[in-house]
1. Being open to solvent by 40 Å² or more (accessible area, probe 1.4 Å), of a type in the set (Lys, Arg) and closer than 21 Å to A:Phe141 by Cβ narrows it down to one residue among A:Arg31, A:Arg92, A:Arg85; which is it?
2. Take A:Ala149 and tell me if it is touching a residue at least 24 places away in the same chain (Cβ under 8 Å), within 22 Å of A:Met87 (Cβ to Cβ) and within 11 Å of chain B (Cβ to nearest Cβ).
3. Test of understanding: among B:Arg157, B:Arg128, B:Arg151, B:Arg210, which residue is within 20 Å of A:Val130 (Cβ to Cβ) and of a type outside the set (Phe, Trp, Tyr)?
4. Can you tell me which residue within region A:174-196, out of those that are closer than 24 Å to B:His144 by Cα and more than 15 Å from the chain's Cα centre (by Cα), is farthest from the other protein chains (Cβ to nearest Cβ)?
5. What about B:Arg166, is it within 12 Å of another protein chain (Cβ to nearest Cβ) and open to solvent by 20 Å² or more (accessible area, probe 1.4 Å)?
6. What pairs can you find where one residue is in region B:120-140 and within 20 Å of A:Gly53 (Cβ to Cβ), the other is open to solvent by 30 Å² or more (accessible area, probe 1.4 Å) and among the aliphatic types (A, V, I, L, M), and their Cβ atoms are less than 6 Å apart, with a gap of 6+ or different chains?
7. In region B:105-119, is there at least one residue being away from every other protein chain (no Cβ under 14 Å), open to solvent by 30 Å² or more (accessible area, probe 1.4 Å) and part of a helix (DSSP H, G or I)?
8. Which ones in region A:52-91 are touching a residue at least 40 places away in the same chain (Cβ under 8 Å) and under 13 Å from A:Glu132 (Cβ atoms)?
2 protein chains.
Amino acid sequence: MAGERGISATSVPEGGETARDAKVPRTERGRRTLRAILDAAAAEFGEKGFHEGSISGITRRAGVALGSFYTYFDSKDAVFRALVRDMSDQVREHVGPALRGARDQIDAERAALLAFIRFARTHKEIYRIVDEAEFVDPASFRHHYASTADRIAARLRAAAERGEVRDDVSEIHAWAIMGMNVFLGLRYSVWDEGTPPEAIADAVAQLLARGIGAATSSRADP
Amino acid sequence: MAGERGISATSVPEGGETARDAKVPRTERGRRTLRAILDAAAAEFGEKGFHEGSISGITRRAGVALGSFYTYFDSKDAVFRALVRDMSDQVREHVGPALRGARDQIDAERAALLAFIRFARTHKEIYRIVDEAEFVDPASFRHHYASTADRIAARLRAAAERGEVRDDVSEIHAWAIMGMNVFLGLRYSVWDEGTPPEAIADAVAQLLARGIGAATSSRADP
């Protein structure tokens, strides 16, 4: 079992309602320290991986004392778990505003992919960290993708109610869209940045406009 | 770097032209032994992961002597590398016949996804093994996905020449299709088998028929 080699899968609630592993800072200075530790953890685990990464490597990168680390986290496991959650939050915070400015759901999915490709170009370590969670912390891995797919499915359903996408959109479409986005980010953000993000987003938006868009569907299936 | 923790990325040619890590058996009996070792390696690494998995665990599962293992492989690294390649080959061999029986490219992509979903339900360990290659053997990880995307792109281009899909299909569509298939397999084969594979393949085939199919495009973009 994956859990044997890292953080026990049962130590994090599957639903992810709680599981905030970091203690919550009460001051602005505390918030800055916690942010510095999480950013340093992203660099440390992104470069060295979970097993080779260390708490002392994190505090050195963050420029904080070991005591400050233990103010917020009990262990390397705890900071890794918090980091996976933080990366999920960062993607959501980055993609959210793009979604809200869109004129319809196809435009929103285009904007979401565009924002994600750009985010992944400046945060390539997200792939390594989330992917390593499959082995180190399976519950966080599962929660990351399950909650992302749930969000996509919810916005597709809402769009279907508004008549912007076909009525038969389902969880299958949500997972298909998430899978496209993850692999396009791997190919065009992590591996090679030579293709303009707009070209990628346009190709996918066209595919979706015809594939699940309401207007196209009525023309294509009279 | 990922390579520090496992097999050096430079030890496998990136193009994957050669890199057959197993010595080639010359007898039918030898081929059966090699097959038994690879199947046992899939079970061993799928259950325990690369670091906890062992050569003695593999030979025990395969019911072969340690000497037989070393007839074909020099090390645990070598058998893991061969296993990733073997898993790629198995997917290709499983999906290939489905592709060849299809009436057009959209039907072919549907058949490919259907075959993959079924394959992944009986070979769930493929996810863990390929995903762990990202950390243990990055060159094999990259080769697996790059060669899969290349094959999809080539068949889309051929289909465009036959007029079965739109002229503007590109590598971006190939990565989008691969990403969909990988994540649909994770969700509906590895995590939960409750959804009929046909329902998944039909939803994606409809998306692709309208999204990149030639007939739909001429109606949707007059």
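1. Working: A:Arg31 fails: closer than 21 Å to A:Phe141 by Cβ; A:Arg85 fails: open to solvent by 40 Å² or more (accessible area, probe 1.4 Å).
Testing whether each residue is open to solvent by 40 Å² or more (accessible area, probe 1.4 Å), of a type in the set (Lys, Arg) and closer than 21 Å to A:Phe141 by Cβ leaves just A:Arg92.
2. Values: touching a residue at least 24 places away in the same chain (Cβ under 8 Å): yes; within 22 Å of A:Met87 (Cβ to Cβ): yes; within 11 Å of chain B (Cβ to nearest Cβ): yes.
So A:Ala149 fits the description; yes.
3. Working: B:Arg157 fails: within 20 Å of A:Val130 (Cβ to Cβ); B:Arg151 fails: within 20 Å of A:Val130 (Cβ to Cβ); B:Arg210 fails: within 20 Å of A:Val130 (Cβ to Cβ).
When all the criteria are applied, what remains is B:Arg128.
4. Within region A:174-196, the first condition is being closer than 24 Å to B:His144 by Cα, and the residues that meet it are A:175-195.
From what's left, more than 15 Å from the chain's Cα centre (by Cα): A:176, A:187-188, A:191-195.
Details: A:Ala176: 4, A:Arg187: 5, A:Tyr188: 8, A:Trp191: 8, A:Asp192: 11, A:Glu193: 14, A:Gly194: 11, A:Thr195: 8 Å.
Step by step, filter region A:174-196, then rank; the result is A:Glu193.
5. Details: within 12 Å of another protein chain (Cβ to nearest Cβ): yes; open to solvent by 20 Å² or more (accessible area, probe 1.4 Å): yes.
So B:Arg166 fits the description; yes.
6. Within 6 Å, the pairs are B:Pro138/B:Ala9.
7. yes
8. A:Asp77, A:Phe80, A:Arg81, A:Leu83, A:Val84, A:Met87
The values are calculated or read from the model by the stated rules, or taken from the named source; none is laboratory data. Fair warning: this is a prediction, and the values are worked out from it, not measured in the lab. Please note: Cβ atoms are built from the backbone with ideal geometry, for glycine as well, and neighbour counts cover all protein chains shown. When the accessible area is computed, the model is the full protein with side chains, heavy atoms only, and any ligands, DNA or RNA have been set aside. Shrake-Rupley method; radii C 1.70, N 1.55, O 1.52, S 1.80 Å.
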